[in-house]
1. Could you check B:Thr195 against (1) more than 9 Å from chain A (Cβ to nearest Cβ); (2) more than 18 Å from B:Thr257 (Cα to Cα); (3) surrounded by 17 or more Cβ atoms within 10 Å (Cβ to Cβ); (4) among the β-branched types (Val, Ile, Thr) and say which number it fails?
2. So the check is Cβ under 7 Å with 6+ separation or different chains; which pairs have a first residue in region A:63-88 that's assigned to a helix (DSSP H, G or I) and a second one that's among the aromatic types (Phe, Trp, Tyr)?
3. Given the options A:Phe121, A:Phe174, A:Phe136, name the one that is under 25 Å from A:Asn449 (Cα atoms) and hydrophobic (A, V, I, L, M, F, W, C).
4. Go through region B:294-316 residue by residue and tally those that are buried (at least 16 other Cβ atoms within 10 Å of the Cβ) and part of a loop (DSSP other than H, G, I, E, B).
5. Suppose we filter region B:167-190 for residues that are of a type in the set (Gly, Ala, Ser), away from chain A (no Cβ under 14 Å) and assigned to a loop (DSSP other than H, G, I, E, B); how many remain?
6. Please determine whether any residue of region A:323-341 is within 15 Å of the chain's Cα centre (by Cα) and either modelled with pLDDT under 95 or open to solvent by 10 Å² or more (accessible area, probe 1.4 Å) (or both).
7. Would you call A:Glu451 open to solvent by 10 Å² or more (accessible area, probe 1.4 Å), modelled with pLDDT of 95 or more, in contact with a His (Cβ under 8 Å, 6 or more places away or on another chain) and part of a helix (DSSP H, G or I)?
Amino acid sequence: MKANIKWLDDPEVFRINQLPAHSDHPFYKDYREWQNHSSSFKQSLNGAWQFHFSKDPQSRPIDFYKRSFDSSSFDTIPVPSEIELNGYAQNQYTNILYPWESKIYRKPAYTLGRGIKDGDFSQGKDNTVGSYLKHFDLNPALAGHDIHIQFEGVERAMYVYLNGHFIGYAEDSFTPSEFDLTPYIQAKDNILAVEVFKHSTASWLEDQDMFRFSGIFRSVDLLALPRTHLMDLDIKPTVVNDYHDGVFNAKLHFMGKTSGNVHVLIEDIDGKTLLNKKLPLKSTVEIENETFANVHLWDNHDPYLYQLIIEVHDQDGKLVELIPYQFGFRKIEITKDHVVLLNGKRLIINGVNRHEWDAKRGRSITLADMKQDIATFKHNNINAVRTCHYPNQIPWYYLCDQNGIYMMAENNLESHGTWQKLGQVEATSNVPGSIPEWREVVVDRARSNYETFKNHTAILFWSLGNESYAGSNIAAMNKLYKDHDSSRLTHYEGVFHAPEFKKEISDLESCMYLPPKEAEEYLQNPKKPLVECEYMHDMGNSDGGMGSYIKLIDKYPQYMGGFIWDFIDQALLVHDPVSGQDVLRYGGDFDDRHSDYEFSGDGLMFADRTPKPAMQEVRYYYGLHK
Amino acid sequence: MAYTNNLHVVYGEASLGVNGQDFAYLFSYERGGLESLKIKDKEWLYRTPTPTFWRATTDNDRGSGFNQKAAQWLGADMFTKCVGIRVQVDDHPFDELPVAPINNQFSNQEFAHEVKVAFDYETLTTPATKVKIIYNINDAGHMTITMHYFGKKGLPPLPVIGMRFIMPTKAKSFDYTGLSGETYPDRMAGAERGTFHIDGLPVTKYLVPQENGMHMQTNELVITRNSTQNNADKDGDFSLKITQTKQPFNFSLLPYTAEELENATHIEELPLARRSVLVIAGAVRGVGGIDSWGSDVEEQYHIDPEQDHEFSFTLN
């Protein structure tokens, strides 16, 4: 297949040759590798890559992916990182308005009775291009195996080539994109070429209130598949018998050779074996209704995790793959009185919205950032996080499992610029809406989010996205979760503006910034449990009057609490030549227009990860319903 | 017989001096306020203290348009109009200021137990209202200051009611007994009561400089400096103590005035920190937090401009 740049203009083209999304489980060769957290099946491609920046698609080096291409004039760029923060393209912060506001007239394809506008993005004067090249040899341990490549996050549309051959195309900046490199991979002297466009039709769906960056901003890994490989793990732990016992179901999907056995073990924290099952390998192996009496339940106070171990053996009994995964038993439900229960007890959300942010690295955050955020959560009685407004890096979900942080796992979707106009609802060119050509792309985002993270105990809610209005396409996203997952609730706030969809969309009544008095009015006759998916807007010196919300928790069991907007300021640390200091800068400080200026500074933390004075108040109020 | 008349009163030509063993106070009729507050030979005032009504606009204030509604108070904060001065020494109130020729009767041997000087100010608002600041000095040289704000119908909503003292140099540290952290009436439930030592005069690094550093419900504040502007002075630590009277007080101590903070869009644009700006606030408006684009601070945390407000505290 030949790559086509016009895919950038077509909302119905969003993944070409991309492998289906699957669970995020790690896999190792043996126990020693697991112990060392280092899989010989995995080769990181992070580090210095060759790079060329083009200000628009017309001026990009079209043939750069060919082996014959002379790349000696290319620069180098660290992967992962943001192209803008390497000085190639202008930083810009905008909230609702699209970054091309007043520069380019655009309306989404298939709105207003129009079709695709040819060249809308593929010839967009604002569509900067990063041409990335990586020369690599396979680690000896990977040689001879089928090889996949996994990009954990690339903004916003990318074409992948290996050794001169087109491999695939992907959008959805915030979920992993995986491709099969096997047909073209060599042991040595491979040339991987990735062409990253800042804009495509996906830009309409990724209008999050944030700095607008592009590039390969999360890790890139090569994955070698053992002769038999667990492609997808789908575990379903449930709680029964009045919250006493656990039932474990699982589906294991294998690829490769299916001769041999799979050995499934479950151990508790003391190493006591609860399940020990040996089953013949098949493409799908099922564990059905294994019951454990008196299971130790998982929650914020006691994030108890059981250890699942899957050993894959060949017909000679030799271990070919080892998959460890931790999970907990917990049950979330809504009573007929519209109260949300976790393990039979009322669930109270002491939450924050969290953008991935690092003052030096933008959204290319580090594990150290994540660990620090978890420590801040624990210290300040924050028990829940909404991954606003996109899926986060994979390690964050594991940290939330291990630390008992309740997750509202949100899709990568925000299109408020298509329906919020000067503060008014004007949805004539809204996407995804109910437009057939915009359906699959958003359902795919829901599917990727679900399939990747479905095994994480910490996720209690799937969130369909943020501020995207509502129509049958968002209802279809809701349905995808409902069809696959009876163990979690769905959440979407935007249906507030299209109440005719309330029956099909969201198990929760979700509001943002609803003043306490109005929240109370709803709670006097609730139809669904109420959550404030965003509240206490923490811009600058703020967070006053929090007590009025917390009182509602005592008064109304249908009030679940909420997620403070938000956890950390988005500001960039730059050197100021006038004062000679390193200082924090916000929107508009890079001559970027349109900008929403300091509106990105709404965190409980300053951008340098020091707490704002308001944090002691949060710690107190969130401590009242720990 | 024990000599108990501790206050040495100097009836000057344009000011009143009230002096004692370790202190010297100078009330200026020209400047309409306390021009000098000297304790153990160290000057604590850069300019005369004034009423203060403005706080640097917070993001929530801006979003809700509060700064526009309250804008008159910015002028009233920057420009002070003194309209009356009253002096009372012991039981004797002067009908007119004791300057020449009234002061011709006095000598350098005038002593008293108590001196009271009151300044009346008129706010540059429409309508205007009055503010009275009374300095009451007792035998031991303790100065109790009371500010009374007279409410009036039709005044715009108020950012703050307080007194501003600008000190000649930047303080080295301060110690206070009150609430932990930065607190406001609608954001102090999480604070712990205790005694806190703060080095330097930290400005909370909000992206856009704004009102910050308020400390609610304080019993006592000790400000320590280690530099003066006096060319003949040898540097060394020295302190000023502020204590509550009947009620605790609220304060902020920053290197900047509200106007300096207001004028900066980034913290690095603030001037070099060289003074100490003490605001003792009798009424503090909440910071709010429902949103930053329209919702006001909750009603109970507003300052009612139509009501009288009074607060007091003791210096030295």
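1. Just one mismatch for B:Thr195, condition (3).
2. Filtered contacts from region A:63-88: A:Glu84/A:Phe213.
3. Of the residues listed, the single one that is under 25 Å from A:Asn449 (Cα atoms) and hydrophobic (A, V, I, L, M, F, W, C) is A:Phe174.
4. Number satisfying all stated conditions: 8.
5. 1
6. no
7. yes
Matching residues to (1) of a type outside the set (A, V, I, L, M, F, W, C); (2) over 32 Å from the mean Cα position of the chain (by Cα):
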residue	(1), (2)
A:Ser200	yes, no
A:Phe211	no, no
A:Pro226	yes, no
A:Ala250	no, no
A:Lys277	yes, yes
A:Val295	no, no
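The values are calculated or read from the model by the stated rules, or taken from the named source; none is laboratory data. Only a predicted model underlies this, so the values are computations on that prediction, with no experimental measurement involved. Heads up, the Cβs are rebuilt from the backbone with ideal geometry, glycines too, and the neighbour counts pull from every protein chain shown. What goes into the accessible areas is simple: the full protein's heavy atoms, side chains included, and nothing from ligands, DNA or RNA. Shrake-Rupley method; radii C 1.70, N 1.55, O 1.52, S 1.80 Å.
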